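Asker: Have a look at the structure that comes next, please.
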Amino acid sequence: MTWTSQLRSQVKFDLLIFRRNPAATFFTVIFPLILLVLMTSIFGNQVIESRNDIRVANFYVPGILGLALISATLVNLAMNTTNRREEGILKRVRGTPMRPWVFVTGQVLASIVIALVMTLLVIVIGRVFFDVSLQTRGIPALVISLVVGTASFCALGLALTTIIPSINAASAITNAVVLPLYFVSDVFVISDGTPRFISFIGDLFPIKHLVGALFESFDPFTVGTPMPWGHWAVVAAWGAFGVLVTATKFRWTPWDS
Amino acid sequence: MADAITVEGLRKDYGGFEAVKGIDLSIREGEIFAFLGPNGAGKTTTIEILEGFRTATSGQVRVLGVDPAHPPLAWREKIGIVLQQSQVEKELTPREAVTMFAAYYQGPRLVDEVIELVGLADKANDRIGKLSGGQQRRLDLALALIGDPKLIFLDEPTTGFDPSARRESWEMIDNLRSIGCTVMLTTHYMDEAQQLSDRIAVIADGRIVARGTAAELGQQVQARPTISWRGATVPTLSDRVAVRADEGHVRVETTEDDLVGVVREITDWATDHDDSLHGFEITRPDLEQTYLRLIEAGFASPDEVAS
């Protein structure tokens with residue numbers, strides 16, 4: 001088999017495994033959608049600019065989309081890859097002629113497919129139920145944000161496995177990393193009154209910049225075609241760091257072997 | 001016949017702890033070779049060096065003509081590995097898992113044929129998470145066979161099995177002969193090594209303490225009969241025998257050739273000392289006991305063992 005057909009086969013089976021795993025499906029697919037509905041119900045969905053019928057949900061959608069992308073990529077890969085490593089699944093694959101990079105790319109592409117499906121779901125639900133409008137001029141920025149964001153957060157997810165010693169620690173460490181960052185990264189709360197040091201911490205990490213880039217893509221008030229270069233640069237820099245850590249520290253065998 | 005595996009002077013040091021202390025092996029093409037020893041003897045370390053998962057501290061290793069420390073992809077095509085502990089995605093069925101692995105190889109066997117070969121045909125479409133331990137082990141073997149390997153490594157293929165599952169596994173491993181595979185397996189069960197393998201190497205404390213066919217190992221045993229009776233008085237006998245008293249028994253260890261002479265010495269001594277030798281018997285340890293004795297010897301006097 002050529003590596004392209006090996007890659008296609010791997011993505012197909014990884015998506016099948018994901019679909020049949022109820023916990024993964026719930027936390028990655030259903031949970032962000034529940035949050036979207038909850039936030040819009042709690043905070044309301046008032047019209048803030050009546051001429052273009054722009055609603056509050058316009059400002060939740062980028063945050064929820066950011067959360068969905070990170071769940072599908074970083075969280076998903078960090079947990080699944082740790083499980084596979086500790087269960088000896090990675091070691092078994094390493095004992096076959098499957099090229100390691102083809103196998104890993106398969107996992108990454110499967111995550112990206114899930115992330116893209118989530119993007120569509122969030123946009124469609126936002127549009128149909130909450131009148132969230134995505135302007136045509138924001139589409140290029142959205143596409144670039146998706147490419148840069150999913151690739152970078154996949155790399156960070158794989159990098160994170162290098163400090164997770166066991167299956168039990170996988171969800172604890174992953175959540176300990178992402179949950180606090182969600183709160184300082186405009187995922188749940190967007191407020192002008194955020195204390196400066198909180199805002200500063202958020203600025204250091206990539207989640208706020210992913211959400212920022214998505215926010216600009218969806219921003220109904222922007223003039224011209226949005227191109228959030230600064231946000232992309234920070235996300236991509238973290239992604240490059242993730243690639244570096246993965247390339248040098250990634251383990252195929254269980255932690256204590 | 002050519003050698004599938006050759007190992008010379010293999011050592012593995014884990015930062016001060018020497019797990020493998022210089023072993024030599026040669027495994028012929030087409031044979032089933034058992035690497036027998038207790039937990040912690042260095043079996044898994046050795047087999048993982050041969051599989052390319054660990055690197056040796058020193059020594060020469062050739063597996064199908066290649067140093068497994070730097071395995072080319074083409075070499076991986078010819079090797080099948082069943083790890084000691086390794087799972088498969090529970091969400092898949094055996095047929096799906098074998099199909100997924102078939103894509104990793106350039107010339108895989110047919111999926112259905114392999115599933116048939118390991119006896120999973122009627123479970124082929126069940127979720128792997130619902131298979132029994134024995135069935136999951138069959139699947140492990142199927143995944144190792146799908147690439148049509150020339151050489152298969154089985155690390156403790158039946159540990160934790162009930163007796164009937166072990167028997168079934170033995171049959172399955174024996175079937176590998178018919179498809180022309182060379183098999184190297186590790187086990188800590190003497191009966192398993194005896195049942196399955198053409199040749200056995202016994203490893204204890206990082207060294208090979210005995211090697212040969214099951215029959216040859218058996219002869220080493222038969223050559224060491226033990227005479228025992230109830231009593232506390234230790235007789236004075238000639239130098240060629242080892243006498244010891246333990247738990248109210250006197251035990252005299254001798255060799256097959258000396259047996260008659262030693263028995264006469266003992267009965268002469270008993271007559272002189274008016275000892276009636278209650279419970280007098282001559283026993284020959286079975287393979288299991290020989291094995292245990294070999295291992296004890298391996299730990300006790302590593303420099304004197306035969307190899």
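The values are calculated or read from the model by the stated rules, or taken from the named source; none is laboratory data. Just so we're clear, the structure is a prediction, and the values are computed from it rather than from any experiment. In this analysis, Cβ positions are derived from the backbone assuming ideal geometry, glycine residues included, and neighbour counts consider all displayed protein chains. Note: accessible area is taken over every heavy atom of the protein model, side chains too, but ligands, DNA and RNA are not part of it. Shrake-Rupley method; radii C 1.70, N 1.55, O 1.52, S 1.80 Å.
Asker: Please arrange B:Ile173, B:Ile282 by accessible surface area, largest first, computed with a 1.4 Å probe and ligands excluded.
Answerer: Values: B:Ile173 5, B:Ile282 70 Å².
The residues order as B:Ile282, B:Ile173, largest area first.
Asker: Report, in degrees rounded to the nearest 10, the 0 to 90 angle that the Cα long axis of helix A:229-249 makes with the longest principal axis of chain A.
Answerer: Tilt relative to chain A: about 10 degrees.
Asker: Can I ask one more? I'd like the FRET efficiency for A:Ser199 and A:Thr253, computed as 1/(1 + (r/R0)^6) with the beta carbon distance as r and R0 of 41 Å, rounded to 0.05.
Answerer: Working: r = 42 Å, r/R0 = 1.01.
Given R0 = 41 Å and the Cβ-Cβ separation, E is 0.50.
Asker: Set the Förster distance to 56 Å, then compute FRET efficiency between B:Asp246 and A:Leu244 from the Cβ-Cβ distance, nearest 0.05.
Answerer: Values: r = 64 Å, r/R0 = 1.13.
Rounded to the nearest 0.05, the efficiency is 0.30.
Asker: Got a sec? Which residues of the range A:17-63 lose 40 Å² or more of accessible surface with every protein chain in place, vs. that chain alone, 1.4 Å probe?
Answerer: Flagged in the range A:17-63: A:Ile17, A:Arg20.
Asker: Can you tell me which aspartates and glutamates have their Cα less than 16 Å from the Cα of A:Lys91? Leave out same-chain residues fewer than eight positions away.
Answerer: Partners within reach: A:Asp256, B:Glu48, B:Glu51, B:Glu77, B:Glu89, B:Asp140, B:Asp155.
Asker: HN-Hα J couplings of the range A:93-105 from phi, Karplus 6.51/-1.76/1.60, θ = phi - 60°, integer Hz, Gly and Pro as x?
Answerer: These are the phi-based 3J(HN,Hα) values: 4, 4, x, 10, x, 4, 5, x, 5, 5, 4, 5, 4 Hz.
Asker: Per residue of B:100-107, count partner chain C-beta atoms within 10 Å of its C-beta, then hand back the mean as an integer. If you can, show how the numbers build up before the last one.
Answerer: Working: counts 9, 6, 2, 12, 12, 5, 3, 1.
For this peptide, the per-residue mean of nearby foreign Cβ atoms is 6.
Asker: Determine how many Å³ per residue the convex hull of the Cα atoms of the range A:182-257 encloses. Intermediate values should be presented prior to the final figure.
Answerer: Working: hull volume 10.8 nm³, N = 76.
In the range A:182-257, the Cα hull volume divided by residue count equals 142 Å³.
Asker: Can you compute the equivalent ellipsoid semi-axes for the range A:3-249, i.e. the square root of 5 times each eigenvalue of the Cα gyration tensor, sorted largest first and rounded to whole Å? Numbers along the way, then the final one.
Answerer: Working: eigenvalues 207, 70, 59 Å².
Semi-axes, largest first: 32, 19, 17 Å.
Asker: Return the whole-Å distance between the Cα centroid of the range A:69-107 and the Cα centroid of the range A:203-247.
Answerer: Centre-to-centre (Cα) distance: 25 Å.
Asker: If I take the Cα coordinates of the protein assembly as shown and project them onto the principal axes, what are the three extents in Å, biggest first?
Answerer: 123, 50, 41
Asker: A further question on this structure: When the gyration tensor of chain B is built from Cα positions, what are the square roots of 5 times its three eigenvalues, in whole Å, from largest to smallest?
Answerer: Values: eigenvalues 414, 98, 48 Å².
Largest first, chain B gives 45, 22, 15 Å.
Asker: Using amide H atoms built 1.01 Å from N in the peptide plane, name the residues 5+ places from B:Ala204, or on other chains, whose amide H lies under 5 Å from its own.
Answerer: Result for B:Ala204 returns B:Val209.
Asker: Under a Cβ-Cβ cut-off of 11 Å, what is the net charge of the residues other than B:Gly133 that fall near it, where Lys and Arg count +1 and Asp and Glu count -1? All intermediate terms of the calculation are to be shown ahead of the outcome.
Answerer: Details: positive: B:Arg137, B:Arg138; negative: B:Asp140, B:Asp162.
In short, 0.
Asker: With angles folded into 0 to 90 degrees, how steeply does helix A:139-160 sit against the dominant principal axis of chain A? Use alpha carbons for both and round to 10.
Answerer: Helix A:139-160 sits roughly 40 degrees off the main axis of chain A.
Asker: Same structure, new question: Take peptide A:6-16, look around each residue's Cβ out to 10 angstrom, count Cβ atoms belonging to other protein chains, and average those counts.
Answerer: Average neighbour count from other chains, rounded to a whole number: 3.
Asker: How large is the Rg to Rh ratio of the range B:111-252 when both quantities use alpha carbon positions and Rh follows Kirkwood?
Answerer: Numbers: Rg = 21.8 Å, Rh = 18.5 Å.
Dividing the radius of gyration by the Kirkwood radius yields 1.18.
Asker: Right, something else. Taking θ as phi - 60°, what are the ³J(HN,Hα) couplings along the range B:115-122 by the Karplus curve (6.51, -1.76, 1.60), each to the nearest whole Hz, with x for Gly and Pro?
Answerer: 5, 4, 4, 8, x, 10, 3, 7
Asker: I need the semi-axes of the equivalent ellipsoid of the range A:1-140: take the C-alpha gyration tensor, multiply each eigenvalue by 5, square-root it, list largest first in whole angstrom. Each step should come with its number before you reach the end.
Answerer: Working: eigenvalues 275, 51, 20 Å².
Whole-Å semi-axes of the equivalent ellipsoid: 37, 16, 10.
Asker: Which value, in square angstrom to the nearest 100, describes the accessible area buried between chains B and A on both sides, using a 1.4 angstrom probe? Let's see the in-between values first.
Answerer: Details: alone 15330 and 12830 Å², together 25560 Å².
Its buried surface, counting both partners, is about 2600 Å².
Asker: Let me ask you something else. When the accessible area of the range A:120-257 is split by element with a 1.4 Å probe, what percent falls to carbon and sulfur?
Answerer: Working: 4860 of 6900 Å².
The value for the range A:120-257 is 70 percent carbon and sulfur by accessible area.
Asker: Just give me a number: lysine pairs in chain B, eight or more positions apart or cross-chain, with C-alpha atoms less than 15 Å apart.
Answerer: Values: B:Lys12/B:Lys21; B:Lys12/B:Lys43; B:Lys21/B:Lys43; B:Lys78/B:Lys150; B:Lys90/B:Lys123; B:Lys90/B:Lys130.
Pairs that pass both the separation and distance tests number 6.
Asker: Classify the range B:1-64 from the C-alpha gyration tensor, please: rounded if a/c falls under 1.5, else prolate or oblate depending on whether a/b exceeds b/c.
Answerer: It comes out prolate by the Cα gyration axes.
Asker: Put simply, what bits of the range B:52-68 lose 40 Å² or more of accessible area when the other protein chains are there, versus the chain on its own (1.4 Å probe)?
Answerer: SASA drop of 40 Å² or more in the range B:52-68: B:Phe53.
Asker: Moving to a separate point now. Can you work out D for the range B:225-283 in µm² s⁻¹ from Stokes-Einstein, where Rh is the Kirkwood radius over C-alpha pairs, the temperature is 20 °C and the viscosity is 1.002 mPa s? Don't skip to the end; give the middle numbers.
Answerer: Numbers: Rh = 11.3 Å.
In µm²/s, the coefficient is 190.
Asker: State the percentage of accessible surface on the range B:3-219 attributable to carbon and sulfur atoms; use a 1.4 Å probe and exclude ligands, DNA and RNA.
Answerer: Values: 3670 of 8330 Å².
Here carbon and sulfur together make up 44 percent of the probe-accessible area.
Asker: Sequence-distant or interchain residues sharing an amide H contact under 5 Å with B:Leu151, placed H: which?
Answerer: Here B:Gly80, B:Thr182 satisfy the definition.
Asker: Can you bin the range A:172-219 into rounded, prolate or oblate? Criterion: square roots of the alpha carbon gyration tensor eigenvalues sorted a ≥ b ≥ c, rounded for a/c under 1.5, prolate for a/b above b/c, oblate for the rest.
Answerer: Values: a/c = 1.94, a/b = 1.29, b/c = 1.51.
Here the range A:172-219 falls in the oblate category.
Asker: Give me the 1.4 Å probe accessible area per residue for the protein assembly as shown, excluding ligands and nucleic acids, in Å². Don't skip to the answer; put the middle values down first.
Answerer: Numbers: 25560 Å² over 564 residues.
Accessible surface, normalised per residue, equals 45 Å².
Asker: Provide B:Lys123, A:Lys208 ordered by accessible surface of protein heavy atoms (probe 1.4 Å), highest first.
Answerer: Listed by decreasing accessible area, they come as B:Lys123, A:Lys208.
Asker: Taking H as built 1.01 Å from N, whose amide H comes closer than 5 Å to the amide H of B:Glu89, not counting residues under 5 places away?
Answerer: Under 5 Å from the amide H of B:Glu89: no residue qualifies.
Asker: Something else about it: How large is the helix-only mean residue ellipticity at 222 nm for the protein assembly as shown, computed as the sum of -39500 (n - 2.57) over DSSP H runs with n ≥ 4, divided by its residue count, in deg cm²/dmol to the nearest 500? Write down the numbers at each step before the final one.
Answerer: Values: 22 runs with 279 residues, N = 564.
Mean residue ellipticity at 222 nm (helix-derived): -15500 deg cm²/dmol.
Asker: How would you rank A:17-29, A:193-205, highest first, on the average number of other Cβ atoms within 10 Å across their residues?
Answerer: Details: A:17-29: 16.1, A:193-205: 12.8.
Per-residue Cβ counts within 10 Å, averaged per peptide and sorted highest first, yield A:17-29, A:193-205.
Asker: Sorted by accessible area with a 1.4 angstrom probe, largest first, how do B:Lys21, A:Lys12 fall?
Answerer: Working: B:Lys21 40, A:Lys12 125 Å².
These residues rank, largest area first, as A:Lys12, B:Lys21.
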